[in-house]
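The values are calculated or read from the model by the stated rules, or taken from the named source; none is laboratory data. As the structure is a computational prediction, the values presented were derived from the model and not from experiment. Glycine gets a Cβ as well: all are built from the backbone with ideal geometry, and neighbour counts include every protein chain shown.
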Amino acid sequence: MANLNCSVCGRTVYPTVHFRDHYVVDYYSEVTGDTELVVIAGSEHDRQERSYLKLTTVREIVRCAGCMKGAAG
Ligand SMILES: [Zn+2]
């Protein structure tokens, strides 16, 4: 199986390890990408127009626990 690496610092990351009374998270997976605005016209029963951003291309960002801590601080 190929190593999974942090998109920020490049270090190899490992799945979350569970213990009896705690767990250790080594990385977080985030999804981002390009979006397009989709508008849904109102209907006879609900005249309100609604819009949302549709994800058209998906990019996964893997961030190790250390880089995630840096991003939060
Ligand atoms: Zn990192």
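Details
- Qualifying residue in the range 61-68 (condition: more than 10 Å from the ligand (Cβ to nearest atom) and of a type outside the set (A, V, I, L, M)): no
- Qualifying residue in the range 63-70 (condition: assigned to a strand (DSSP E or B) and in contact with a Cys (Cβ under 7 Å, 6 or more places away or on another chain)): yes
- Matching residues in the range 6-37 - criterion: being among the acidic types (D, E), within 16 Å of the ligand (Cβ to nearest atom) and at pLDDT 95 or above: D26
- Remark: pairs (first residue in the range 8-26, under 19 Å from I61 (Cα atoms); second residue of a type in the set (A, V, I, L, M, F, W, C) and loosely packed, with under 12 Cβ neighbours inside 10 Å; Cβ separation under 7 Å; 6+ apart in sequence or on different chains) = T16/V24.
- Enumeration of residues in the range 23-35 that are out of contact with any helix residue (DSSP H, G or I) (no Cβ under 7 Å at 6 or more places or on another chain) and surrounded by 10 or more Cβ atoms within 10 Å (Cβ to Cβ): V24, S29, E30, T32, G33, D34, T35
- Every pair of residues 6+ apart whose Cβ atoms lie under 8 Å, when the first sits in the range 45-72 and is modelled with pLDDT of 95 or more while the second is part of a helix (DSSP H, G or I) and within 16 Å of the ligand (Cβ to nearest atom): R63/A71
- Checked against (1) surrounded by fewer than 11 Cβ atoms within 10 Å (Cβ to Cβ); (2) assigned to a strand (DSSP E or B), R20 passes all but a single condition, namely (2).
- Boolean, I40 is in contact (Cβ under 8 Å) with a residue 40 or more places away in the chain and more than 10 Å from the ligand (Cβ to nearest atom): no
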